[in-house]
Amino acid sequence: KIFYDAQGPNGNGEEWSLETGRGYVSENLGDCSFVAVDEHIQKILGFCLGSVATYEKGRELLIQMIAVHPENQRSSIGTLLYEKLVEEAKIRNCTGMRLVAKQGHYSYSWYEKIGFNQTGYVEMYKSI
């Protein structure tokens with residue numbers, strides 16, 4: 001549900017449903033996925049999905065998503081999750097990290113702020 005809350009109509013305003021959000025998370029649980037939990041109240045605050053793959057420059061950590069519940073955004077939860085991914089990438093001898101971000105979303109400027117740059121690749125899509 002946190003995915004839907006963060007990415008759906010009341011979060012980033014994307015067209016995710018609860019069902020498609022659950023599918024995305026279950027299909028993208030990679031070997032570098034983590035959850036931020038407030039243990040005092042037993043509440044999930046956010047999560048990140050990542051996996052290691054080989055690209056032209058070597059092993060890289062692909063960030064599928066960093067999602068934080070809207071009530072907990074701008075409270076460093078996303079940064080802590082990102083730092084955990086960086087730590088994991090170093091442990092796994094990755095040469096870098098990559099992701100896809102949507103221009104105009106808050107997350108896009110946040111990724112730029114923490115050092116991500118455009119690579120020249122463009123995401124492409126075709127409906128079938």
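The values are calculated or read from the model by the stated rules, or taken from the named source; none is laboratory data. Small disclaimer: the values here were computed from a predicted structure and weren't measured. Surface accessibility is based on the protein's heavy atoms, side chains included, excluding ligands, DNA and RNA. Shrake-Rupley method; radii C 1.70, N 1.55, O 1.52, S 1.80 Å.
P(r) for the stretch 86-128: what percent of alpha-carbon pairs falls in each 5 Å bin, starting at zero?
It works out to 5, 17, 23, 21, 17, 11, 5, 2, in whole percents.
Accessible area per residue for the stretch 38-77 in Å², computed with a 1.4 Å probe and the full protein assembly in place, what is it?
That works out to 58 Å² per residue.
So what is the orientation-averaged projected area of the stretch 22-124, using the convex hull of its C-alpha atoms, in nm²?
Directional mean of the projected Cα hull area for the stretch 22-124 stands at 7.5 nm².
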